[in-house]
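Participant: The structure under discussion is supplied below as structure tokens; questions concerning it will follow.
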Amino acid sequence: MPFLTYTNVIKSKADSASTSSSRPPNLSICPNSYPASRFIMKITLFTLAFAAIGAVFAHPVKRDSTIDDTTVLNFALTLEHLENAFYSQALAKFDDNAFAQAGFQSWVRGRFAQVGAHEAAHVSFLSSALGSQATQPCTYNL
């Protein structure tokens, strides 16, 4: 079957009009049509070429063996200290009236306090898990 072109469609319509057949012309593009299969072939080759380039440059990387569980937990604790300081200092600085003047609804400050309490619980949990190896909180300048 030749690939579908505008000329073939017009010719097909004219042929079907001149015959007494009640079948409509076949206007579907089948998967074996030349342009569609060529496009798919080009996309496939392009994808394979990209994958081959990536495979050529891929190589194993030596892992750093100095990172252990304590280091990772201390990193997490440092981030929790930062979040805890953010919420506690922000809530100490801004009261209910300040939140209302900023255009927040009355429940928003309570939600900040709730999240701040969660952060304090995270700090407490990680600090007790790490014991004497736990990092100490920083002092942040406002």
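The values are calculated or read from the model by the stated rules, or taken from the named source; none is laboratory data. From a predicted model like this one, the values you see are computed outputs, not experimental measurements. Ideal geometry is used to build each Cβ from the backbone, glycine not excepted, and the neighbour counts take in all protein chains shown.
Participant: Take the residues in region 93-112 that are surrounded by 14 or more Cβ atoms within 10 Å (Cβ to Cβ) and within 19 Å of Glu83 (Cα to Cα), then tell me which one is nearest to the chain's Cα centre (by Cα).
Facilitator: Selected residue: Phe112.
Participant: Can you pull out every residue in region 95-135 that is in a helix (DSSP H, G or I) and of a type in the set (Val, Ile, Thr)?
Facilitator: Of everything in region 95-135, those that are in a helix (DSSP H, G or I) and of a type in the set (Val, Ile, Thr) turn out to be Val108, Val115, Val123.
Participant: Also, quick follow-up: List the pairs whose first member sits in region 102-123 and is over 14 Å from Ala90 (Cα atoms), whose second member is exposed (fewer than 14 other Cβ atoms within 10 Å of the Cβ) and not basic (Lys, Arg), and whose Cβ atoms are under 6 Å apart, counting only residues at least 6 apart or on separate chains?
Facilitator: Matching pairs, first to second residue: none at all.
Participant: Just checking, how many residues over region 119-142 are modelled with pLDDT under 95, in contact with a Ser or Thr (Cβ under 9 Å, 6 or more places away or on another chain) and among the hydrophobic types (A, V, I, L, M, F, W, C)?
Facilitator: Residues flagged as modelled with pLDDT under 95, in contact with a Ser or Thr (Cβ under 9 Å, 6 or more places away or on another chain) and among the hydrophobic types (A, V, I, L, M, F, W, C) within region 119-142 amount to 1.
Participant: Related question: Could you please find all residues in region 57-94 being part of a helix (DSSP H, G or I) and among the hydroxyl-bearing types (Ser, Thr, Tyr)?
Facilitator: Matches in region 57-94: Thr70, Thr71, Thr78, Tyr87, Ser88.
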